[in-house]
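Working notes, structure below.
The values are calculated or read from the model by the stated rules, or taken from the named source; none is laboratory data. Just so you know, these numbers come straight off a predicted model, no measurement behind them. Here the Cβ is made from the backbone with ideal geometry for all residues, glycine too, and neighbour counts use every protein chain on show.
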Amino acid sequence: MESTVEQRLSFLENRVKTLEGMLGVQEIAVPRPAPFPSAPARVVAAPESRPVVPEPKPQFDLEELLGGRVLGWVGGIAVVIAAVFFVVMAVRNGWIGVDARMALAFAASTALVALGGWLYERRGQTQAALATVAAGLAALYASDAATTLHYHLLSPSRGLVIAGAVGAVALATAVRWSSQEIAGIGIVGSLLAPVFVDAGPHTSSLVFMAIALLAAIGVVLWRRWTWLAAAAYVVSVPQAASWLWNEHDGRLGLTLAVAAAFWLLYVVAAIGYELRAPTENLRLSSASLLFVNATVTAAGGWWLIDDAGHRAGANAWLFGLAVAHVALGTLVLRWRVSRDIALLLYGVAAAMIGVAITVSLGGPAVVAAWAAEAMVLAWAGRWTKTPGRGLAAGLVFAGLAGAHVLLFEAPPTALAWGYHSIPLAVGASTLVLLALAGIAIADREDEDLRDIVAWVGAALGVYLASGLVVDLAGAHEHASTQTSQLGLSGFWGALGFAAIVAGLIRDKRVLRLGGLGVLTLAVGKVFLVDLAHLQSIWRVGSFLAIGLLLLAGAFAYQRVRVPSLHERRAAG
């Protein structure tokens, strides 16, 4: 075999090394040449980097809109209207009876669905085919409702079977074709079928609507069309409410069970949608559905039970619904599904408990419950690592408790003639102060919050003490005295002076500002109230007392905080 060039070079290199060894010549390091490739290597040029050009957005085409969409939908609607007019005309002229009329309606509706399906699957996925199927589904459901509910030609059981079949076809078609039009016309039209045929608030009508509602929720969860959930809620709730109101007198237990079932359906729709398409933050549509659903269910159930003469049961309904929201929120949080959903459920439960407390209890019990709820919500926000939301909710309920105290237990009239009941006023105010303290402790890292809570607590404490001074100075209900008003002015002046001195001694600016504020309040009262209502000797005492306190406060403040005249002269 003929040797290659590489083999010859290797042979010559070995011969040279042998001769060098025989002559004693040192080996000179010579770089070995790169082996000659047997075949030339192909050099592939790297593809040139080209900037990614976004695809141009499709331009609006009026002709395509009118020819491809509008004509199809208008045509489908026109076909349905023509069928209705033909049936009406045939009935008026005596051409067909009721049985033949409804059989014709079923046949025509089924033919529309079949025709639209054949056109969509065999002749192209066109809007006309979708419109035909949607119109046929709505007409088929309306025909079934009219035959069963209005003419009573079908038994309720058979009518429900047909309704379930229509709903299943609408659900499968909307999912298979991903058609919002089928969902909009077919499913929403099915929800409205009992209304179209004037079926009235009967149990069969409710069941018909419930079947269509299940189909709508199925499409919402599968295809994640948020608008369908809102449309289904708006369409179905009035029908369910009409049935509940019509039946609650005779079958209260059943109506409450139905109300709870509808509430649970919409909860599943809202939460299921979030699970199917999770996001970092809870969607406004899901949050709104949960909140509105809870509000309507709570208010409607309470109204039905109270109208039946069971006020305690109506209040229990609110508490029970709140507990149900807490349970759902706990399950969602434990399964680590969505923290936002769990917190929303907790927030709805908290609001519902607050409402239940308002309508169930009275007096200081309401304040106690709201104050306790404020602390629980603040600490719950800390435990769930959402201190901001817990703080906001806690402050809302603490504010409600404080407003109740200012309206009922310790109204502003207490500054004129004292409290109606000192124990109630003191107890309710103390509960609010404890709630504020608990909120401040729950969020220890926020110094600004602690300062705000401290200011609010101090103001409430001063207000409570002021009413006690007026009450203990001899005032009584609807009758103020000279002594009580003089005592109030003196109390405010002395308190302001004491706060300024304490702030100067401890170098606390907050105390000094608080003292100046109380002194300002005292001065305003002396000049605006005491000057007009107190008699001469009491007026003199009021002005003298406040004047001396102001001078003493000014001296103390300037002595500590402002260099004296001698010090300034000495400093040059």
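Miscellaneous remarks
- Any chance LEU468 is closer than 30 Å to TRP370 by Cβ, at pLDDT 90 or above and surrounded by 17 or more Cβ atoms within 10 Å (Cβ to Cβ): yes
- ASP448 vs. criteria of a type in the set (Asp, Glu), free of Cβ contacts under 8 Å to residues at least 24 places away in the same chain and either part of a helix (DSSP H, G or I) or within 27 Å of ALA342 (Cβ to Cβ) (or both): yes
- Test for LEU519: is it among the aliphatic types (A, V, I, L, M) and either modelled with pLDDT of 85 or more or farther than 25 Å from ALA499 by Cα (or both): yes
- Some residue of the range 399-416 being in contact with an Asp or Glu (Cβ under 7 Å, 6 or more places away or on another chain), touching a residue at least 40 places away in the same chain (Cβ under 8 Å) and assigned to a helix (DSSP H, G or I): no
- For VAL376, the requirement of being in a helix (DSSP H, G or I), more than 20 Å from the chain's Cα centre (by Cα) and β-branched (Val, Ile, Thr) is not met.
- Of the criteria (1) out of contact with any Pro (no Cβ under 6 Å at 6 or more places or on another chain); (2) of a type outside the set (D, E, K, R); (3) within 30 Å of GLY487 (Cα to Cα), which one ALA440 fails: (3)
- Residue count for the range 310-365 under the criterion of being polar (S, T, N, Q) and within 21 Å of ALA269 (Cβ to Cβ): the result is 2.
- Criterion applied to VAL207, VAL220 was being closer than 30 Å to GLU121 by Cβ, touching a helix residue (DSSP H, G or I) at 6+ places or on another chain (Cβ under 9 Å), β-branched (Val, Ile, Thr) and outside the structural domain of SER285 (by TED's automatic domain parsing), and the one residue passing it is VAL220.
- Check on GLY381, farther than 22 Å from ARG276 by Cβ and out of contact with any strand residue (DSSP E or B) (no Cβ under 6 Å at 6 or more places or on another chain): yes
- Condition check for LEU511: touching a residue at least 24 places away in the same chain (Cβ under 8 Å) and surrounded by 16 or more Cβ atoms within 10 Å (Cβ to Cβ): no
- Lone unmet requirement of (1) free of Cβ contacts under 8 Å to residues at least 24 places away in the same chain; (2) within 23 Å of VAL292 (Cα to Cα); (3) hydrophobic (A, V, I, L, M, F, W, C) for LEU228: (1)
- Top-ranked residue in the range 350-372 [being in contact (Cβ under 8 Å) with a residue 12 or more places away in the chain and within 26 Å of LEU284 (Cβ to Cβ); ranked as surrounded by the fewest Cβ atoms within 10 Å (Cβ to Cβ)]: VAL355
- Among the criteria (1) modelled with pLDDT of 85 or more; (2) more than 20 Å from ASP471 (Cα to Cα); (3) surrounded by fewer than 21 Cβ atoms within 10 Å (Cβ to Cβ), the one GLY547 does not fulfil is (1).
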